[in-house]
1. Of all residues in region 56-89, count the ones that are small (Gly, Ala, Ser) and closer than 20 Å to residue 129 by Cβ.
2. When only residues in region 25-62 that are closer than 21 Å to residue 91 by Cβ and among the basic types (Lys, Arg) count, which is surrounded by the most Cβ atoms within 10 Å (Cβ to Cβ)?
3. Test residue 65 against the criterion of being buried (at least 23 other Cβ atoms within 10 Å of the Cβ) and closer than 18 Å to residue 21 by Cα, and give yes or no.
4. So which residues in region 113-131 are under 20 Å from residue 30 (Cβ atoms) and either assigned to a loop (DSSP other than H, G, I, E, B) or free of Cβ contacts under 8 Å to residues at least 40 places away in the same chain (or both)?
5. Can you name the condition, by its number, that residue 71 falls short on among (1) modelled with pLDDT of 95 or more; (2) of a type outside the set (S, T, N, Q); (3) farther than 15 Å from residue 127 by Cβ?
6. So is residue 8 surrounded by 11 or more Cβ atoms within 10 Å (Cβ to Cβ) and at pLDDT below 95 or not?
Amino acid sequence: MMASPAAAQFWQCAPYAREISGIELHGNANTWWGQAAGRYQRGHKPEVGSVLSFQSTHRMRVGHVAMVSQVISDREVLLTHANWSRPGQIERNVRAIDVSAAGDWSEVKVWYGPTGGLGTSSYPTNGFIYSGHAPADADAVPASRDDVAAANLAMIATSAVVPVKPVADR
């Protein structure tokens with residue numbers, strides 16, 4: 001019998017968001033907003049550690065969830081998430097901007113690795129689910145604007161793919 005090397009973890013967005021945010025919701029990302037009702041506070045203002053819930057679309061049938069790792073301004077955040085630019089991969093501290101007419105984070109653009117920018121697509125969202133505590137990988141969150149700039153340059157130079165050790169689903 002021959003041993004094969006361990007495969008790298010293939011992350012879906014929901015298990016990864018649960019792992020790093022501490023928000024104990026399960027199932028497809030498009031069910032998180034409804035599941036959070038009565039269990040977690042929800043709203044339309046980004047906070048570090050909160051999870052941005054994306055609605056289902058024709059291209060994203062099961063929605064998407066991503067944790068806010070840094071609030072840059074009332075209309076710009078950095079997200080940490082999985083399975084966005086490249087299947088199964090994690091991206092840390094990628095730019096997302098609120099492009100909604102009302103400034104309520106109901107529509108966003110998100111940095112996309114293959115194009116190296118925000119692109120032309122925008123995505124409808126439900127809002128933010130608040131975890132009530134610091135994210136699990138707080139050490140990966142930049143501490144200052146200079147660190148954010150350095151992280152963004154490094155991310156662009158490495159196509160924003162960050163290898164991680166496998167972590168068991170909770």
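1. Looking only at that region, the number is 5.
2. Among them, the one singled out is 61.
3. yes
4. Scanning region 113-131 gives 121, 122, 130, 131.
5. With respect to (1) modelled with pLDDT of 95 or more; (2) of a type outside the set (S, T, N, Q); (3) farther than 15 Å from residue 127 by Cβ, residue 71 is out only on (3).
6. Yes, satisfied.
The values are calculated or read from the model by the stated rules, or taken from the named source; none is laboratory data. Here the structure is a predicted model, which means the values were calculated and not measured. Note that we place each Cβ from the backbone using ideal geometry, even for glycine, and neighbour counts take in every protein chain shown.
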